[in-house]
Amino acid sequence: MTSLTHKDVMTMLGPLDDAVVAGIIATGATIEELAEARAWLTNDEALINSGKPLPSGRVADIIEIMAAQEQEEDELTRG
């Protein structure tokens, strides 16, 4: 199991604040778990409809970090 790198996270999820990237790396997730989290973030309805169980563990941790980041960005843009 290889640890995620800053480059892995940025490649998979796009430009993010270094603190967010560090938080994702700190989950201890694998590249496969990062890819699964990305799939949930981009198309959760299709995964639910296909019968895939809801994310848990490190995948859920990544989703939570990204949701918090998205909420923070939304609040900044709304003023």
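None of the figures in this text is laboratory data; all of them are computed from the coordinates on show. The shown structure was predicted, so the numbers you read here are calculated from the model rather than taken from an experiment. Virtual Cβ from ideal backbone geometry, glycine too; neighbours counted across all protein chains shown.
Can you give the FRET efficiency for A67 and S3, using 1/(1 + (r/R0)^6), R0 = 30 Å, r = Cβ-Cβ distance, to the nearest 0.05?
Working: r = 23 Å, r/R0 = 0.76.
Efficiency, rounded to the nearest 0.05: 0.85.
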Checklist entry - When Lys and Arg each count +1 and Asp and Glu each count -1, what net charge do the other residues less than 15 Å away from G57, Cβ to Cβ, add up to? => result -3
Item to check | Built amide H within the under 5 Å cut-off of L16, gap 5+ | outcome: none
Checklist outcome for this item: Candidates D17, D61, D44; GNM for the chain (alpha-carbon contacts under 10 Å) flags as most fluctuating D17
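Counting other beta carbons within 10 Å of each Cβ, put M66, M10 in order, fewest first. Let's see the in-between values first.
Numbers: M66 19, M10 13.
So the ranking, lowest neighbour count to highest, is M10, M66.
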